[in-house]
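One structure is given below, encoded as structure tokens.
Every read-out reported here was derived from the displayed coordinates using simple, explicitly stated rules and does not represent laboratory data. Because the structure is predicted, anything quoted here is derived from the model rather than measured. Methodologically, a virtual Cβ is constructed for each residue, glycine included, from the backbone with ideal geometry; neighbour enumeration extends over all protein chains shown.
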Amino acid sequence: MLLIDAHLDLAMNALEWNRDLNLSVEQVRQAEAGMKQKGRGCGTTTLPELRRAEVPLTVATVISRTGRPGSPASGTAHQEISYAKAQGQLAYYRVLESQNKVRIIANRQSLDQHIDACQQEGAKEPLGII
């Protein structure tokens with residue numbers, strides 16, 4: 001059976017929350033112990049945890065929004081800022097790929113190659129991200 005996580009905010013967690021996704025979930029939670037901001041101390045996953053669970057593939061998100069005047073939803077003041085933040089998240093994924101921690105899946109061929117490699121090598125392969 002192939003386990004795929006269909007939505008992971010990895011880059012947002014690293015860049016917006018300043019979480020080191022190379023640590024275990026327990027280590028991240030310990031580092032955030034005592035922080036009062038909503039969501040702190042209860043991070044849900046990291047790269048080692050995904051590897052331990054043998055999750056070979058995820059749909060990794062890039063999240064940034066432009067706020068509207070009068071809207072309670074948070075966001076940037078201008079589209080240019082939102083675009084730049086999204087590009088920063090993409091750059092984070094590329095850094096992880098350069099460190100062989102993730103593999104960016106860009107097309108059907110790379111998806112097939114990644115799945116084949118994972119079925120042969122298992123947890124030794126980097127996390128595939130779409």
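Is there a residue in segment 89-105 that is surrounded by fewer than 17 Cβ atoms within 10 Å (Cβ to Cβ) and closer than 14 Å to residue 9 by Cβ? Yes; the residues of segment 89-105 include at least one that is surrounded by fewer than 17 Cβ atoms within 10 Å (Cβ to Cβ) and closer than 14 Å to residue 9 by Cβ.
Within segment 78-130, the residues that satisfy the criterion of being over 24 Å from residue 23 (Cα atoms) and small (Gly, Ala, Ser) are 82, 84, 106, 110, 117.
The single residue among 77, 86 that is of a type outside the set (Lys, Arg) and within 19 Å of the chain's Cα centre (by Cα) turns out to be 86. Residues that are β-branched (Val, Ile, Thr) and surrounded by 17 or more Cβ atoms within 10 Å (Cβ to Cβ) within segment 26-50 comprise 28, 45, 46, listed in sequence order. Within segment 1-47, no residue satisfies the criterion of being more than 24 Å from residue 86 (Cα to Cα) and under 12 Å from the mean Cα position of the chain (by Cα). For first residues located in segment 63-78 and under 22 Å from residue 91 (Cα atoms), partners that are of a type in the set (A, V, I, L, M, F, W, C) and lie 6+ apart or on another chain with Cβ distances below 6 Å form the pairs 63/12; 64/86.
Which one is farthest from residue 48 (Cα to Cα), of the residues in segment 89-130 that are of a type in the set (D, E, K, R) and more than 13 Å from the chain's Cα centre (by Cα)? This residue is 108. Residue 113 meets each of the listed conditions (1) surrounded by 13 or more Cβ atoms within 10 Å (Cβ to Cβ); (2) within 19 Å of residue 15 (Cα to Cα) apart from (2).
Here is a check on your reading of the model: is residue 60 in contact (Cβ under 8 Å) with a residue 24 or more places away in the chain, surrounded by fewer than 18 Cβ atoms within 10 Å (Cβ to Cβ), within 16 Å of residue 128 (Cβ to Cβ) and small (Gly, Ala, Ser)? No, not satisfied.
One residue alone among 54, 16 is at negative phi and of a type in the set (D, E, K, R), and that residue is 16.
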